[in-house]
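Asks: Following this message is one structure expressed as structure tokens.
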2 protein chains.
Amino acid sequence: MALRIALLASAAGLAFGAKADEGMWMPSQLPQIAEQLAAAGYRGDPAALADLTRPPMSAVVSLGGCTASFVSPEGLVVTNHHCAYGAIQLNSTAKDNLLANGFIADTRAQEVSAGPAARVLVTTAFDRITDRILGDARGKTGRAYYEAVDAASKAAVAECEQEAGVRCSVANMYYGTDFYLIKQLELKDIRLVYAPPESIGGYGGEIDNFMWPRHSGDFAFYRAYVDKDGKPAAFATDNVPYQPKAFLEVSTDPVAEGDFAMLAGYPGRTFRHRTAAEFADQVGTQLPARVDLFGSLLETIARATAGNAEADVLYASQVASLKNNLKRAQGELDGLRRSDAVGVRQRDEAAMLAWLSKQPDAADTRRDIDAVQAVIAQSHATRERDQLFATMRSQTQLLKSAMQLQRLAIERGKPDAQRESGYQQRDEALIEASLKQVQRRYDPAVEKAVLAGLLARYRQLPATQRIAELDAVFGTDAAQATATLDALYAGTGLGAEAERLRLLAAAPAELEASTDPLMQAAATLLPAALRIEDADKEQDGELLRLRPAYMRALISYRESQGQAVYPDANSTLRVSYGKVSSLAPRDGVHYTPLTTVQGIVEKHTGEEPFDAPKPLRDAIAKGDFGSSIDPVLGTQTVNFMTNLDTTGGNSGSPVMDANGKLIGLNFDSNWEAVSASWMFDPRYKRAIHVDARYLRWLMAKVYPAPHLLKEMNLPVE
Amino acid sequence: MALRIALLASAAGLAFGAKADEGMWMPSQLPQIAEQLAAAGYRGDPAALADLTRPPMSAVVSLGGCTASFVSPEGLVVTNHHCAYGAIQLNSTAKDNLLANGFIADTRAQEVSAGPAARVLVTTAFDRITDRILGDARGKTGRAYYEAVDAASKAAVAECEQEAGVRCSVANMYYGTDFYLIKQLELKDIRLVYAPPESIGGYGGEIDNFMWPRHSGDFAFYRAYVDKDGKPAAFATDNVPYQPKAFLEVSTDPVAEGDFAMLAGYPGRTFRHRTAAEFADQVGTQLPARVDLFGSLLETIARATAGNAEADVLYASQVASLKNNLKRAQGELDGLRRSDAVGVRQRDEAAMLAWLSKQPDAADTRRDIDAVQAVIAQSHATRERDQLFATMRSQTQLLKSAMQLQRLAIERGKPDAQRESGYQQRDEALIEASLKQVQRRYDPAVEKAVLAGLLARYRQLPATQRIAELDAVFGTDAAQATATLDALYAGTGLGAEAERLRLLAAAPAELEASTDPLMQAAATLLPAALRIEDADKEQDGELLRLRPAYMRALISYRESQGQAVYPDANSTLRVSYGKVSSLAPRDGVHYTPLTTVQGIVEKHTGEEPFDAPKPLRDAIAKGDFGSSIDPVLGTQTVNFMTNLDTTGGNSGSPVMDANGKLIGLNFDSNWEAVSASWMFDPRYKRAIHVDARYLRWLMAKVYPAPHLLKEMNLPVE
């Protein structure tokens, strides 16, 4: 009966798709939803969108964590200012602070390296290899299942990376149901070309973060370079601009409410297909705990850097990231409660299970689904402890480096294919780059304070949750922890870059014999980290084995309702489409979908983050908006809002019009939508973009770069 | 030439009025602007609006500081919850907290006294008596001019008050240009009939104060009583309901954006016709100083009441008022800057003076205008000191009482007609009532802290600004001030109501002989207060004499542009008309003009001031809105917004539709409009009202009072 309804819906020409406006589609799914894409207003060929070697998709690239796109035949790349923040910071000096002043390379020779870790990754292939990945795993359980999938994935990656200059990965779709081999060209010589001052790129700062109305010029330009043979290569002065297979044309047309819009990018993670129990855990436990932890870390860092301007600068990036994460967690919590996400998901799951019970041969599926629920329930026992221990590494520089070095020494003892992901030969350059950057982000007093704070939280956990190795290193009370931290950081040589790089190159025996107290502490702690990792892998293995039953039931159930299912986001290339949209965030308030330079003036206080630079204010007052003026509003637009489906990782994503031309850059979501990683609520989900016309105006009239406009074939007035 | 333009404008049928939407018209002016009133949508007879003895104007009453209106033939009066706050608080006990629980008198017998100071004032006559008031003043200057006006006013009032049960006053229009004798019936037995809980009446509290979107049920009902002969009388159990000459009918029609709206009330003070120099002083000096002073008073009271729940309650009303005033001052400052009020007024004044210079016989006028400017410039010399000294009285209870008692003793030595306003025989009942209320608003530790704080600010002024009497009482350093305050408050008997009332009844000689240290301090300080008052009167007299030249020039200049001029507000009955209006407060944001119960749910946190009571939340969830449902929105509205011209004192003003029916109660302005007391900026000026339908729904379905609905001839469902 249910199947018949689905067929009738298709027969009647109804869209075969997800719920309205929702969807982070794999490009390969787009031909499947071609009809609804055309109905929404797309004028291109949906089949072309599925081809990663053709425009527009071949112009969309990953920066690793952010999205960007080629906008010229000479390798010019546009992304967000906040995605290029590290590169801008890296090239700033006391004499020339590029964050404050902005940066314009007037010539190619003036383009500066974005740093050794900067990458532009161009996805060139995306192939389903589910059978190859699962072949050896079938019949196994738990850790063994995980290892089999991991081994098969590594083998596939290793084989793929035989080709020079490419980086491969295996993407897990629908929670272990399908696997895809992704091949990416790995461009390594990335240079900074143009950035507005931070007071434009980050106008509104933390106060406006996640907020609408918004007035940020959150964009910057990179250029990708290759060696003279056109091959990916590390920075070298005689490298030449990369010539991409395709680039996006920047639109010169206006943008208005209701216009079709489409976005491509690398959304990081969503959890929309998680179980109802996981939704309940997220809202009831996880998010409140996260808000608490981030808040206390920020307090600790603020206290430790108070009155120390140098430390303040060193931790600016980490603090910004923590604040962002804290705000995000709180918004996610508020949003999930407002949308009654737990209730909605519970009713949806119950309906799915009721439907399933009426299907033939549902017993096996139901047994696996029940098993999934049981594994999830067990997984919460030592979670808070494990998260604190993980935070001790993720929020430090020297302790993290020491543990990375010790871990790498162990992994190096294995054949490369059996090494842990992130510690293979292919990863060593990235590890080196990260060891080099420590210097710019570390102050011993702050790191000690962070660890002291985390250890204090750890000591408040029940005795059953103690980690013997942590107690061995840091003792069991505050006085011992303080004394140990003082001794470790007074005695360690890891604060020096040369020493970190020496240890990176050293033989395992040398590390073992090291008398560096922090290296010794890391050696003591590592077994605990590995033990927890092992337990997680056992659990992950079971979930990897069992979740596909849940996902297949969900996909079938949706199919029975005439709906396609996109996989949850996993940092692979996805496409979303929708329209330029206003928002009614709450009773009595209506947000218009376009903001104008008038808002910059209204918000300007002269104090960071509302310190619009004088050239910008003067240009606004002058009112010469040239070819970028909005014909309806009669002024210069700044940002616009769509109902596109995005999440973290979509930063920098090109926003395209019905003809595939670039009309904006995604850079944020609204506050009401930060819960969208778990639940897409069409009433509240909006994405926030820099209007390409604002970018054009700034580059034409305010901080001129006519050579770049010409390179993009854009008017210079 | 200018005159000719005015005639042409009139001939062409153009509205003879102020700038669009602006205007607090005297009822007597409405026939003059009848055309534009009709064009705006009013369906009644503008001439009827000028008659204070006919509906609707005769239904609009003053509560002294607030406005209200009769809504039944049995003396039922509706006003704001915040206007009835004192009466609700007065009737609250530990056992039955009416603020928390609300109040419904199910029978007339259950209606409780609003207190001895409560009044309902019905304006019955409003006559121009300019010649009578100025006759004796002409030819005089300064203090003598002031005294002559004052004497003539008092004589007029005394003559008028020969009639029993009436209260008369002389209103100064256009800054001394015209004078009106106002006669008001003074109803003294006022009883509380109905009030929702404060969590409805003040939903949103200080956080939402001045804000939109708004969700307050800010209304309450009184009933006015008279003696058996129908005459005003103090509270007596056998008094009977007053039968007003007219009452407003409550509308049962919907309200929508663009609908005509009209409001009548007693707006307190506006300053729109002040000089450009006064505008500059307000923005540059006065408002910043006020923000600073109120902020420090609030800090002082917060510190002094910390951990003392009882003191907290005693000062709740004063703190609420200070917070309101602080927020208002800051909003006024922001708004005047945003509207460039100083620049606008400067250009307007310059244009007026340029026009004036071309008029025949303009020299005398110009000389008086220059003299006005000179007096204003002089008036700023000791202002900060004088304001601090005035604040010592206005923000205290016991010191204020002591100085009131001493002052009254002096005034009682004069013939009644020569006594200072506020200290005449007719005022003594009000003084007694205020002396009685001290008990509910006083804690010695807090009052000492407030005075210590103000004295500290006083001591920071330049030595040239010292007041010898203040120094004599409180010394010249912090230690002396503290010791004196301790001694004064330890030694005074004024903390006891009986003692205050005994001194009120005592002979002057008895006061003089008093050994009460606070009475002695007040006796020492009083000459300083009188001296400052004298200097002010000298200045006021000159301004009273000279400002009419400025006003007549302004009125003539406006006439030359075809515009009428309403007088600045002065707590007399005024009418404003306009429409239900949305607002675009800033770039990207649009406020809709009606809010709904959905917003109450969205804002509800369970914690004050967002603690919507359970019966309300349940009723919203139930969705049974009966006859009060909005037909377009399909739900229950709560508040609405118009562009009506209001200011403080308009609280409780009836908002009427095109037929004069009551559609809401004014209770606030939006944050962007609090600068409207100086400048009406039509882009931002809005007034915020309780929708009469919300009131009807609450009384029908949530806190039912069907007998009152029936009394107002309204559906009970």
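Conditions (1) part of a helix (DSSP H, G or I); (2) closer than 30 Å to B:ASP292 by Cα; (3) touching a helix residue (DSSP H, G or I) at 6+ places or on another chain (Cβ under 7 Å), marked per residue:
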position	(1), (2), (3)
B:LEU333	yes, yes, yes
B:ARG337	yes, yes, yes
B:GLY343	yes, yes, no
B:ALA351	yes, no, no
B:ASP364	yes, no, no
B:ASP370	yes, no, no
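Asks: Related question: Within the stretch A:88-110, can one find any residue that is in contact with a Leu (Cβ under 8 Å, 6 or more places away or on another chain) and without any contact (Cβ under 8 Å) to a residue 12 or more places away in the chain?
Replies: yes
Asks: Please list, ordered by residue number, the helices (runs of 4 or more DSSP H) wholly in the stretch A:108-227 having 2 or more residues that are away from every other protein chain (no Cβ under 14 Å), within 30 Å of A:PHE247 (Cα to Cα) and at pLDDT 95 or above.
Replies: A:142-160, A:198-201
Matching residues to (1) free of Cβ contacts under 8 Å to residues at least 24 places away in the same chain; (2) in contact with a strand residue (DSSP E or B) (Cβ under 9 Å, 6 or more places away or on another chain); (3) of a type in the set (D, E, K, R); (4) surrounded by fewer than 19 Cβ atoms within 10 Å (Cβ to Cβ):
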site	(1), (2), (3), (4)
A:GLN395	no, no, no, no
A:LEU405	no, no, no, no
A:ARG412	no, no, yes, yes
A:ALA417	no, no, no, yes
A:SER421	no, no, no, yes
A:GLN425	yes, no, no, yes
A:ALA433	no, no, no, yes
A:ARG440	no, no, yes, yes
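Asks: Also: Answer yes if at least one residue in the stretch A:608-631 is on the phi > 0 side of the Ramachandran plot, more than 32 Å from the chain's Cα centre (by Cα) and within 12 Å of chain B (Cβ to nearest Cβ), and no otherwise.
Replies: no
Asks: Can you name the residue in the stretch A:658-683 that is under 18 Å from A:ARG586 (Cα atoms) and either among the charged types (D, E, K, R) or free of Cβ contacts under 8 Å to residues at least 60 places away in the same chain (or both) and is also surrounded by the most Cβ atoms within 10 Å (Cβ to Cβ) among such residues?
Replies: A:GLU672
Asks: Find the helices (runs of 4 or more DSSP H) located wholly in the stretch A:493-607 whose residues include 2 or more that are under 30 Å from A:GLY258 (Cβ atoms) and within 14 Å of chain B (Cβ to nearest Cβ), and list them.
Replies: A:597-603
Results for (1) part of a helix (DSSP H, G or I); (2) of a type in the set (D, E, K, R); (3) in contact with a helix residue (DSSP H, G or I) (Cβ under 6 Å, 6 or more places away or on another chain); (4) modelled with pLDDT under 95, shown as yes or no for each residue.
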| residue | (1), (2), (3), (4) |
| --- | --- |
| B:SER28 | yes, no, no, yes |
| B:ALA34 | yes, no, yes, yes |
| B:TYR42 | no, no, no, no |
| B:ALA47 | yes, no, yes, yes |
| B:ARG54 | no, yes, yes, yes |
| B:GLU74 | no, yes, no, no |
| B:VAL77 | no, no, no, no |
| B:HIS81 | no, no, yes, no |
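Asks: Also: Given the structure, is A:GLN373 under 23 Å from A:SER556 (Cα atoms) and in contact (Cβ under 8 Å) with a residue 40 or more places away in the chain?
Replies: When the stated conditions are applied, A:GLN373 passes them.
Asks: Is it the case that B:ALA280 is aliphatic (A, V, I, L, M), modelled with pLDDT of 95 or more and surrounded by fewer than 17 Cβ atoms within 10 Å (Cβ to Cβ)?
Replies: yes
Asks: Hey, among A:GLN460, A:GLN520, which residue is within 27 Å of A:ARG419 (Cβ to Cβ) and without any contact (Cβ under 8 Å) to a residue 12 or more places away in the chain?
Replies: A:GLN520
Asks: Take A:GLY343 and decide whether it is more than 14 Å from every other protein chain (Cβ to nearest Cβ) and without any contact (Cβ under 8 Å) to a residue 12 or more places away in the chain.
Replies: Yes; evaluated as a whole, the condition is true for this residue.
Asks: Of these, A:GLN563, A:GLN539, which one is touching a Ser or Thr at 6+ places or on another chain (Cβ under 6 Å) and modelled with pLDDT under 95?
Replies: That would be A:GLN539, the only listed residue that is touching a Ser or Thr at 6+ places or on another chain (Cβ under 6 Å) and modelled with pLDDT under 95.
Asks: Of all residues being within 13 Å of B:ALA402 (Cα to Cα) and of a type in the set (Lys, Arg) in the stretch B:498-539, which is surrounded by the most Cβ atoms within 10 Å (Cβ to Cβ)? Just the residue, please.
Replies: B:ARG500
Listed here are the residues, each with its yes/no results for (1) under 30 Å from B:ASP587 (Cα atoms); (2) out of contact with any Pro (no Cβ under 7 Å at 6 or more places or on another chain); (3) of a type outside the set (Gly, Ala, Ser).
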| position | (1), (2), (3) |
| --- | --- |
| A:ASP106 | no, yes, yes |
| A:TYR146 | no, yes, yes |
| A:ALA164 | no, yes, no |
| A:MET173 | no, no, yes |
| A:GLN184 | no, yes, yes |
| A:TRP212 | yes, yes, yes |
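Asks: Could you check the stretch B:465-507 and list, in sequence order, the residues that are closer than 20 Å to B:TYR442 by Cβ and not hydrophobic (A, V, I, L, M, F, W, C)?
Replies: B:THR482, B:THR484, B:ASP486, B:TYR489, B:GLY491, B:THR492, B:GLY493, B:GLY495, B:GLU497, B:GLU499, B:ARG500, B:ARG502
Asks: For the stretch B:47-66, which residues satisfy the criterion of being closer than 22 Å to B:THR642 by Cα and surrounded by 20 or more Cβ atoms within 10 Å (Cβ to Cβ)?
Replies: B:LEU49, B:PRO56, B:MET57, B:ALA59, B:VAL60, B:VAL61, B:SER62, B:CYS66
Asks: Evaluate the stretch B:634-645: report whether one residue or more is over 24 Å from the mean Cα position of the chain (by Cα), buried (at least 21 other Cβ atoms within 10 Å of the Cβ) and part of a loop (DSSP other than H, G, I, E, B).
Replies: Scanning the stretch B:634-645, I find at least one residue that is over 24 Å from the mean Cα position of the chain (by Cα), buried (at least 21 other Cβ atoms within 10 Å of the Cβ) and part of a loop (DSSP other than H, G, I, E, B), so the answer is yes.
Asks: Which of the residues that make up the stretch B:462-497 are surrounded by fewer than 18 Cβ atoms within 10 Å (Cβ to Cβ) and under 31 Å from the mean Cα position of the chain (by Cα)?
Replies: The answer is B:ALA496, B:GLU497.
The values are calculated or read from the model by the stated rules, or taken from the named source; none is laboratory data. All values derive from a computational prediction rather than experimental measurement. Using ideal geometry, Cβ is built from the backbone for each residue, glycine included, and neighbour counts are taken over all protein chains shown.
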